[in-house]
Amino acid sequence: MRVESVIHPAVTDGPGVYLIHFRPPAVGHARHYLGMAADVTERIKRHRNGNGARLMAVAAERRVDWLVARLWPRPDAQSARELERRLKTRHNG
């Protein structure tokens, strides 16, 4: 299997919330990962190397392909954190 991680064309330096989509096979029950970062580009690089969130480390260990499917740029880290919380609450609610 070819391992690939594609960065969404809109990903730039700076704060934001991002949605990662795992290509089949999924990581256990997870098909997506929602995260936030003060510097999205750097965070995505860390995820690509299997660092950061445990789910992303497992994806790297299992050689699961993934891509950044959606990006919500924010003006600052605090607003990114707030949006991430709202999106996760909406999903889990």
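Can you pull out the residues in segment 8-34 that are open to solvent by 40 Å² or more (accessible area, probe 1.4 Å), of a type in the set (A, V, I, L, M, F, W, C) and at pLDDT below 90?
10, the sole residue that qualifies.
Applying the selection to segment 35-65, what residues are touching a helix residue (DSSP H, G or I) at 6+ places or on another chain (Cβ under 6 Å) and either within 22 Å of residue 89 (Cβ to Cβ) or modelled with pLDDT of 90 or more (or both)?
Residues satisfying the conditions are 36, 37, 38, 47, 52, 56.
The values are calculated or read from the model by the stated rules, or taken from the named source; none is laboratory data. Not measured: the values here are computed from a predicted model. Virtual Cβ from ideal backbone geometry, glycine too; neighbours counted across all protein chains shown. The protein model used for the area step is the full one, side chains on, heavy atoms only, and it has no ligands, DNA or RNA in it. Shrake-Rupley method; radii C 1.70, N 1.55, O 1.52, S 1.80 Å.
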